[in-house]
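One structure is given here, and the rest of the page talks about it.
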Amino acid sequence: MKPFAYLRPATSEDAVAALAACPGARPLAGGTNLVDLMKLGVEAPGTLVDVSRLPLDAVEETDGGGLRIGATVRNSDLAAHPAVRARYPALSQALLAGASGQLRNTATTAGNLLQRTRCPYFQDVSKPCNKRAPGSGCSARGGVHRDAAVLGASEHCVATHPSDMAVALAALDAVVHLLGPGGARTVAVTDFHRLPGEHPERDTVAGPAELVTAVELPAPAAVRSAYRKARDRASYAFALASAAAALDVRDGTVREVRLAFGGLAHRPWRARAAEDALRGAPATAESFARAADAELAAARPLPGNGFPGNGFKVQLARNLAVDVLTHLAAGAPGAAR
């Protein structure tokens with residue numbers, strides 16, 4: 001690794017000031033992604049701003065019946081929190097589906113949200129990558145892209161966002177709290193991560209000196225929620241596709257629904273078209289399949305180019321959505337069996 005300066009601010013405001021004063025500085029908490037990228041030469045910050053000891057490690061009830069999750073709450077602690085398990089099971093399940101126990105004990109809420117793609121071309125500094133070196137090209141488009149995006153990609157980048165947690169947060173209408181030189185602001189999780197467009201190097205809408213201080217969950221729109229993930233092996237693997245859903249069924253009819261996909265795009269993909277198709281529809285596998293098809297009609301898989309393509313992700317995501325929604329509907333009062 002290249003030499004770097006190390007700062008340990010006492011307050012969030014001091015951390016923001018340090019980030020603003022040192023162009024290219026990076027906040028450091030668990031370091032489970034950033035330090036790996038520094039070892040690979042993908043990241044080379046001149047300054048690390050250690051935020052791990054800031055008082056941002058609490059899970060607190062909000063006045064509206066939701067939860068405010070501090071930026072440095074560890075993934076293991078959040079997954080095991082009684083309020084999360086009882087009211088937001090999709091979030092607990094998503095956290096437990098990610099990484100290993102050792103990593104979950106270290107990784108933080110903000111770090112998980114801000115982790116960068118695991119595209120192998122992004123992590124290999126000998127290969128062209130627009131996300132790592134803007135204007136150099138996208139090696140994945142003409143190379144191995146089995147894990148690449150099928151929704152929202154551009155000619156400049158087909159990388160996917162790796163977080164399981166962020167997919168659940170997208171389905172649960174979470175909000176990200178940011179603190180920057182201009183003060184505090186909030187951004188919906190569904191708007192926090194960017195699609196690649198012409199600037200895939202920009203993962204989120206956060207400014208270079210803005211610090212994530214918390215994630216806030218509103219009171220649940222539906223009592224029942226769940227997360228499903230498909231991966232190449234049973235543990236410690238990123239999603240080929242995943243689905244998080246919250247469902248409210250009354251007398252066999254979908255009253256409210258939230259659905260998000262992971263592993264398909266540059267950001268967690270909130271399935272708005274599927275949700276619109278489901279509200280007021282029968283809570284049946286047939287309805288769920290039609291809604292998933294409506295959402296995934298926009299998918300643009302990549303050809304194999306002599307390697308395995310990623311068209312299988314469309315059917316895989318469809319099956320995951322039907323599975324998780326059917327599971328939730330089966331436990332709802334008056335739901336169709």
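Figures for the structure shown
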read-out: Sum of side-chain charges, L240 neighbourhood, beta-carbon under 15 Å (Lys, Arg +1; Asp, Glu -1); value: +4
read-out: With Cα atoms, 0 to 90° folded angle of helix 312-330 axis to the chain main axis; value: 60
read-out: Portion, in percent, of the accessible area of the chain that falls on carbon or sulfur, probe 1.4 Å; value: 53
read-out: Contour excess over end-to-end distance, with Cα ends at N305 and A330 and 0.36 nm allotted per residue; value: 4.8 nm
read-out: Binned Cα-Cα distance frequencies in segment 169-236 - 5 Å width, integer %; value: 3, 14, 19, 16, 17, 16, 11, 4, 1
read-out: Extreme residue, positive dipole direction of the chain, given options P9, P181, A283 (C-beta unit charges); value: A283
read-out: Gyration tensor over alpha-carbon atoms, segment 198-337, equivalent ellipsoid semi-axes in Å; value: 28, 21, 14
read-out: Between helix 12-21 and the chain: long-axis angle, C-alpha atoms, 0 to 90°, nearest 10; value: 60
read-out: Global form of segment 30-103, assessed from the alpha-carbon gyration tensor, a/c cut-off 1.5; value: oblate
read-out: Cβ-placed point charges (K, R +1; D, E -1), dipole of segment 1-155 about Cα centre in debye, nearest 20; value: 560
read-out: Helix axis angle, 285-296 relative to the chain longest principal axis, alpha carbon, degrees; value: 40
read-out: Accessible area per residue in Å² at 1.4 Å probe, computed on segment 178-337; value: 43
read-out: Shape of segment 111-255, Cα gyration tensor, a/c cut at 1.5; value: oblate
read-out: For peptides 311-317, 199-205, sequence by mean Cβ density within 10 Å, most packed first; value: 311-317, 199-205
read-out: Heavy-atom accessible area per residue - segment 17-159, 1.4 Å, Å²; value: 42
read-out: Net charge contributed by nearby residues that have their C-beta within less than 11 Å of R146 (K/R +1, D/E -1); value: -1
read-out: Stokes-Einstein D in µm²/s, Kirkwood radius over Cα pairs - segment 259-316 at 37 °C with 0.692 mPa s viscosity; value: 263
read-out: Separation between Cα centres of segment 237-316 and segment 113-185, rounded to whole Å; value: 19
read-out: Average Cα contact separation per residue, the chain, under 8 Å, 6 or more apart, as relative contact order %; value: 17
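The values are calculated or read from the model by the stated rules, or taken from the named source; none is laboratory data. This is a predicted model, so every value here is computed, not measured. Glycine gets a Cβ as well: all are built from the backbone with ideal geometry, and neighbour counts include every protein chain shown. Each accessible area value is taken on the protein alone, full model and side chains, heavy atoms only, with ligands, DNA and RNA left out. Shrake-Rupley method; radii C 1.70, N 1.55, O 1.52, S 1.80 Å.
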